[in-house]
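Down below is the structure, laid out as structure tokens.
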Amino acid sequence: MQQRKFQRLQNIIDGHEGNVSHLIAILQEVQEEYRYLPEEVLTYIATAMGIPPATVYGVATFYAQFSMIPKGKYVIKVCDGTACHVRGSEPINFALRKELKLTGGEQTTKDLQFTVETVSCLGACGLAPVVVVNENEVHGQMTPAGVLEVLKKFQVQEEN
Amino acid sequence: MLKSMDDFLNLYKQSQEALGREKMRILICAGTGCVANGSLDVYDEFLSRVKEQNLPVKVHLMEEVDDEPHALNISGCHGFCEMGPLVRIEPGGVFYHHVKKDDVKEIVDKHILNNQLVERLLYTHPVTGQTVATQDEIPFYQKQTRVALEHCGRINPDDLNDYIAHGGYQAITRALFNMTPEKVVEEVLDSGLRGRGGGGFPTGKKWQFAASTQGAKKYIICNGDEGDPGAFMDRSVMEGDPHRVLEGMMIAGFAIGADEGYVYVRAEYPLAVKRLKRAVAEAARTGLLGDNILNSGFSFKVNIKEGAGAFVCGEETALIASIEGERGMPRPRPPFPANKGLWNCPTIINNVETLANLPSIILKGGKWFKGFGTEGSPGTKTFALAGQVAHTGLVEIPMGISLREIVFDIGGGLRENKKFKAVQIGGPSGGCLTENHLDLSLDYDELRKAGAMIGSGGLVVMGEDTCMVEVAKFFMGFVQNESCGKCVPCREGTKRMLEILTAITEGRAGEEDLLLLEELALAVQDGSLCGLGKTAPNPVLTTLKYFKDEYIAHIRDKKCPAGVCKALLDYHIDQDKCKGCGLCAKVCPAEAITGNKKEPHVIDVAKCLKCGTCMEKCKFDAIYTA
Ligand SMILES: Cc1cc2nc3c(=O)[nH]c(=O)nc-3n(C[C@H](O)[C@H](O)[C@H](O)COP(=O)(O)O)c2cc1C
Ligand code: SF4
Ligand code: SF4
Ligand code: SF4
Ligand code: FES
Ligand code: FES
């Protein structure tokens with residue numbers, strides 16, 4: 001089992017011919033596989049590529065895209081760039097977090113279904129405020145009520 | 001596979017002929033905005049309706065179809081995204097907006113089959129009430145001049161032949177066969193083009209350095225990081241006309257003697273990555289990228305690198321570190337990348353829009369380009385017009401037109417008849433300008449004089465109900481978050497500035513804090529290593545300069561004039577809505593709420609801590625702030 005798990009990882013590294021300058025791309029692909037970067041995986045990458053674990057951790061913690069804790073199945077990004085901010089992104093974020101009972105700095109629900117994060121500008125400012133689900137589903141001109149409807153859709157989908 | 005200039009001219013001829021045979025060209029916008037509004041469904045519906053009518057239809061330019069075909073294409077962004085999905089039909093450039101799947105049948109029946117306009121989907125002029133058929137007649141477009149965006153919305157970004165049919169790759173072939181690298185640099189110098197990535201450094205000058213640096217291996221990097229919140233023009237160009245970006249890189253490569261390039265795209269732009277990757281593969285397959293292109297002796301290869309979410313990676317040295325697979329931390333300059341860049345080789349980094357201007361400059365000449373804009377800032381500039389303006393979108397204007405023209409003529413003024421208050425220009429590096437600046441001419445130097453900058457070109461319009469202190473805090477929060485932490489003034493200074501701004505918005509600051517804030521701002525400006533820290537104080541300094549009374553109101557009167565800062569608002573109970581359930585009194589940590597059961601409650605403003613708990617709990621929406 002363990003063996004199989006790392007096999008996939010090794011394939012990704014091999015795909016980049018172990019090239020150290022591809023570390024970011026490797027981490028991106030690995031994260032796509034696991035939805036986050038588990039510690040053992042980072043250690044494995046360091047060993048397999050023959051670089052210090054500190055280098056791998058350094059890169060993994062520097063970039064916002066990488067997460068060392070598991071993310072939910074649905075990652076909801078609420079844009080809080082300038083355009084979205086002045087057109088009311090905060091209430092949207094607030095409504096989502098309240099509905100999902102996320103408190104403090106929490107981003108992911110306990111059942112690992114939903115992650116809510118704020119990002120700065122998704123590049124669709126003309127449609128502000130913008131919410132993106134799982135990278136590719138863009139919802140423009142959002143409202144607090146609208147975002148709860150989007151959420152509901154996924155919740156229903158999960159129940160069935 | 002094209003092997004010579006003749007091969008290329010042949011392909012150009014064929015693609016032009018294919019274009020000429022088109023009876024009608026239906027372009028469905030597939031930029032991020034329109035896709036979000038369902039334009040891909042519209043495309044599918046068009047395809048099946050047109051097929052249903054047994055019309056000859058093609059989805060690629062060079063597809064063999066008998067008769068005069070109807071071409072069905074996706075296109076890049078037209079800039080008017082909030083009106084999307086947009087459909088443009090040639091000939092004539094008819095412009096339909098808010099097109100839904102259910103509208104397609106009518107467009108096919110009337111327009112495509114019978115050459116009649118579908119009135120209800122045309123743009124109606126808000127003042128005259130007249131409907132106009134074409135894009136050019138819409139006020140939003142009337143003051144625009146498109147150079148970098150020339151093809152955006154007009155061609156299929158996923159089709160190399162379409163780009164070629166519209167004159168694509170002619171500039172690089174002219175450079176390769178009719179010009180020397182020196183002549184290319186000279187032409188760009190003559191054009192006066194200044195980098196569109198923020199600093200406005202003359203592109204030709206930058207190239208001169210790299211061209212004169214010795215080195216067997218040199219690199220061109222296209223900066224597609226666009227981390228500036230509120231900006232999306234680079235995205236639109238990469239998505240809408242990716243080959244133009246590649247052609248720009250090739251021209252730069254030829255000019256400085258580079259044979260390899262990287263496009264660094266931010267991770268949040270998956271569609272741009274997809275289109276670029278496709279464009280690179282197609283150009284390589286056709287022989288327009290690779291070794292000994294068209295047997296000219298020039299070789300060029302392009303790699304796509306995805307960023308991983310760090311604003312500071314837009315800075316040149318950080319970007320290079322990131323491509324090398326490291327943490328994207330800036331390093332001191334010199335050495336400049338033009339001398340010692342990627343893997344220590346001479347490297348030129350240019351912004352997407354800068355590169356997109358190059359094909360036109362080479363084809364039409366530096367003089368032509370200089371004909372637009374102002375003496376010190378020639379050419380056109382794209383801006384992302386956003387915020388509380390009636391028409392948000394992506395615009396390209398000649399440099400030098402006024403802020404007023406952008407906000408009121410192109411943008412149509414403020415939405416909901418709000419009063420204009422300010423425009424934030426240039427993102428976190430830029431500043432806030434006021435009504436008094438509306439007649440300022442938009443160019444690098446004028447803006448800098450006013451304390452702002454063009455930056456990457458974000459332009460956020462703010463109305464009367466925006467709190468400028470909160471805006472300053474917002475930007476400070478952004479840069480504080482994005483500071484890489486390498487140098488103390490930036491790392492600690494922005495943190496302290498954010499603390500002070502937060503205290504002001506929460507009514508906890510004294511007047512001495514304003515002085516401290518200003519002092520800190522100047523220290524961060526002076527002491528930071530890279531542009532992020534150096535420009536981070538701009539939003540604070542400009543708001544302090546132009547909106548001082550708002551800061552004072554927060555500090556002295558504990559009031560937020562715009563009614564935004566929650567902590568400075570008083571909580572009240574609407575006596576009509578309150579059912580007297582008592583829940584609010586129960587949760588109030590300050591025991592500020594009193595009242596008898598089933599009777600309206602009241603809040604003692606003097607005791608209230610403004611925590612907002614009561615408002616959150618009230619099931620009857622009886623609690624409000626004012
Ligand atoms: C913190 C920071 C972020 C930057 N972000 C970008 C960016 O997202 N895109 C960009 O083209 N330039 C950005 N720049 C400017 C670039 O470092 C560089 O000057 C520019 O890409 C050069 O291209 P140009 O000469 O065509 O303007 C940034 C600079 C700093 C200091
Ligand atoms: S100014 Fe800020 S972002 Fe730039 S190097 Fe210093 S700490 Fe990093
Ligand atoms: S919770 Fe609302 S309805 Fe109940 S007493 Fe308080 S204000 Fe009145
Ligand atoms: S805002 Fe907080 S302190 Fe003020 S009345 Fe409501 S619950 Fe009490
Ligand atoms: S600010 Fe939200 S998409 Fe740009
Ligand atoms: S995405 Fe269609 S107009 Fe901008």
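The values are calculated or read from the model by the stated rules, or taken from the named source; none is laboratory data. If you're wondering where the values come from, they're calculated on a predicted model, not measured in any experiment. Note: ideal-geometry Cβ built from the backbone for every residue, glycine included; neighbour counts use all protein chains shown. Heads up: the accessible areas ignore ligands, DNA and RNA and are worked out on the full protein's heavy atoms, side chains in. Shrake-Rupley method; radii C 1.70, N 1.55, O 1.52, S 1.80 Å.
Packing, taken as the mean count of other beta carbons within 10 Å per residue, orders the peptides B:436-449, B:157-170 from highest to lowest as B:157-170, B:436-449.
Counting only other chains, what is the mean number of Cβ atoms within 10 angstrom of the Cβ of each residue in peptide A:111-123? Mean shielding count: 5. Using only Cα atoms, locate the centre of segment B:410-448 and the centre of segment B:164-204, then give the distance between them in Å, rounded to an integer. Result: 31 Å between the Cα centres. Per-residue ellipticity at 222 nm from helix content only, as computed over chain B with -39500 (n - 2.57) for each DSSP H run of at least four residues, stands at -11000 deg cm²/dmol. Separation of the alpha carbons by more than 32 angstrom is noted, of B:486/B:559; B:206/B:419; A:71/B:486; A:77/B:421; B:545/B:577; B:577/B:610, for B:486/B:559; B:206/B:419; B:545/B:577. When every Cα-Cα distance of segment B:377-463 is counted in 5 angstrom steps from zero, the calculated P(r) takes the values 3, 16, 30, 30, 16, 4, 1, 0 percent.
The mean count of C-beta atoms from other chains within 10 Å of the C-beta of residues in A:125-136, rounded to a whole number, is 6.
For segment B:168-368, the equivalent ellipsoid built from the Cα gyration tensor has semi-axes of 23, 19, 17 Å, listed from largest to smallest. Charging the Cβ of each Asp and Glu at -1 and of each Lys and Arg at +1, and nothing else, the dipole of chain A about its Cα centre rounds to 300 debye. Atom-type composition of the exposed protein surface of chain B places 49 percent of the accessible area on carbon and sulfur (1.4 angstrom probe). Computed from the alpha carbon positions, the gyration tensor of segment A:74-157 leads to an equivalent ellipsoid with semi-axes of 19, 13, 11 Å, biggest first. Estimated from the Cβ-Cβ distance and a Förster radius of 45 angstrom, the FRET efficiency linking residue B:53 and residue A:97 is about 0.35. For segment B:1-135, the share of alpha carbon pairs falling in successive 10 Å distance bins from zero is 12, 40, 31, 13, 4, 0 percent.
If you wrap the protein assembly as shown's Cα atoms in a convex hull and average its projection over all directions, what's the area in nm²? Let's see the in-between values first.
Details: hull surface 145.9 nm².
One quarter of the hull surface, i.e. the mean projection, equals 36.5 nm².
How high is the relative contact order of chain B? Use alpha-carbon pairs under 8 Å, at least six apart in sequence, and give a whole percent. Before the final figure, lay out the partial values.
Values: 1329 pairs, mean separation 70.2, N = 626.
For chain B, the relative contact order is 11 percent.
A helix-only calculation puts chain A at -15000 deg cm²/dmol for mean residue ellipticity at 222 nm, using -39500 (n - 2.57) for each DSSP H run of at least four residues, averaged over all residues. Rounded to the nearest 10 degrees, the inclination of helix A:2-15 to the longest alpha-carbon principal axis of chain A is 90 degrees.
The C-alpha atoms of chain A define a longest principal axis, and helix A:53-62 lies at about 20 degrees to it. Here chain B has an Rg and Dmax of 27.4, 92 Å, counting Cα atoms alone. Chain B contacts chain A over a buried accessible area of about 3200 Å², both sides summed; the probe is 1.4 Å and only protein chains count. Placing unit charges on each Cβ (+1 for Lys and Arg, -1 for Asp and Glu) gives the protein assembly as shown a dipole about its Cα centre, and among B:429, B:514, B:544 the Cα reaching farthest toward its positive end belongs to B:514. This model, with +1 at the C-beta of Lys and Arg and -1 at the C-beta of Asp and Glu, gives the protein assembly as shown a dipole about its Cα centre of some 1040 debye. Here, segment B:435-499 is characterised by an Rg to Rh ratio of 1.04, where Rg is the alpha-carbon radius of gyration and Rh the Kirkwood radius.
Taking every residue in B:382-390 and counting other chain Cβ atoms within 10 Å of its Cβ, the average works out to 4. Model label sites at residue A:8 and residue B:130, defined 7 Å from Cα along the beta-carbon direction, differ in position by 6.2 nm.
At 4 °C and 1.567 mPa s, grab the translational diffusion coefficient of segment A:1-62 from Stokes-Einstein with a Kirkwood Rh over Cα pairs, rounded to a whole number in µm² per second. Let's see the in-between values first.
On the way: Rh = 11.4 Å.
This corresponds to a translational diffusion coefficient of 114 µm²/s.
Could you state the angle between the C-alpha long axis of helix A:144-159 and the longest principal axis of the C-alpha atoms of chain A, as a value from 0 to 90 degrees rounded to the nearest 10? Roughly 50 degrees, rounded to the nearest 10.
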